[in-house]
Amino acid sequence: MTQRRDDDATGQVSSPACSMHEADDAYMGYAEKDELTAFLNELLEAERARVRVILESARGGAGGRILALMRTIEREEARWWTMLIRYITELGETPSPKVGAFFDEAMAIADFGERIAFLKCDQSRVARMLREMLPRLRDSRLCADLAEMLRSKEANIAVVDDIFERDTGVIRQGRRSI
């Protein structure tokens, strides 16, 4: 059996477990405030763009199941918009007033079906972003709200696929790959 001396550094821990709550978010693998604010603002701009696309498209004469779906998506987008503004404000930051570039890109598509397929692709892009960020969120309330937002996006994507499949016999991919 060996004897341990008081000056022996063996077994000493440089950052005790009881100090883990004091560790920096980035050190712990969580998104830092600046990254989180940028992410939430990017989502906000995208939500704002999709709402405008839906409103403009509805004015253009969309009807039937597609119009009903678009109205549902519009209400959900407005809900997420409000939630994102709340979290950005809670972080002590100012919500972006911008409309995402998606709006101009989508409105440049004349064919209504292609525009909806493009909307679906953007929903898929946001879903991917959410899947990547969720494990990096320290705030459990924000994590739960964004997980609900992800479920909503995935449900909308499935409904669009179903409508296109029933109406055309194929699932349209749009101009972007999913």
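Scanning the range 94-110 for residues that are under 12 Å from E56 (Cα atoms) and under 18 Å from the mean Cα position of the chain (by Cα) turns up just one, F103. In the range 136-172, the residue that is modelled with the highest pLDDT out of those that are of a type outside the set (K, R), surrounded by 14 or more Cβ atoms within 10 Å (Cβ to Cβ) and within 19 Å of R115 (Cβ to Cβ) is I157. Scanning the range 83-101 for residues that are among the β-branched types (V, I, T) and under 11 Å from R48 (Cβ atoms) yields I85, V99.
Could you tell me whether any residue of the range 77-84 is surrounded by fewer than 17 Cβ atoms within 10 Å (Cβ to Cβ), within 16 Å of I157 (Cβ to Cβ) and modelled with pLDDT under 95? Checked the range 77-84: no residue is surrounded by fewer than 17 Cβ atoms within 10 Å (Cβ to Cβ), within 16 Å of I157 (Cβ to Cβ) and modelled with pLDDT under 95.
State all residues of the range 94-129 that are part of a helix (DSSP H, G or I), over 21 Å from S152 (Cβ atoms) and either touching a residue at least 60 places away in the same chain (Cβ under 8 Å) or of a type in the set (F, W, Y) (or both); if no residue qualifies, say none. Give the steps one after another, and end with the answer.
Here is the first cut: in the range 94-129, the ones part of a helix (DSSP H, G or I) are 102-107, 112-129.
Still in the list and also over 21 Å from S152 (Cβ atoms): 104-105, 107, 112-114.
Matches in the range 94-129: F112, E114.
For the range 74-93, a residue qualifies if it is without any contact (Cβ under 8 Å) to a residue 24 or more places away in the chain and within 14 Å of the chain's Cα centre (by Cα), and the qualifying residues are R79, T82. In the range 111-120, the residue that is farthest from the chain's Cα centre (by Cα) out of those that are surrounded by 21 or more Cβ atoms within 10 Å (Cβ to Cβ) and not β-branched (V, I, T) is R115.
Take R86 and tell me if it is part of a helix (DSSP H, G or I) and basic (K, R).
Details: part of a helix (DSSP H, G or I): yes; basic (K, R): yes.
Taking the combined requirement at face value, the residue satisfies it.
The values are calculated or read from the model by the stated rules, or taken from the named source; none is laboratory data. Nothing here was measured: the structure is a model prediction, and the numbers come from that model. Cβ atoms come from the backbone with ideal geometry, glycine included; neighbour counts cover every protein chain shown.
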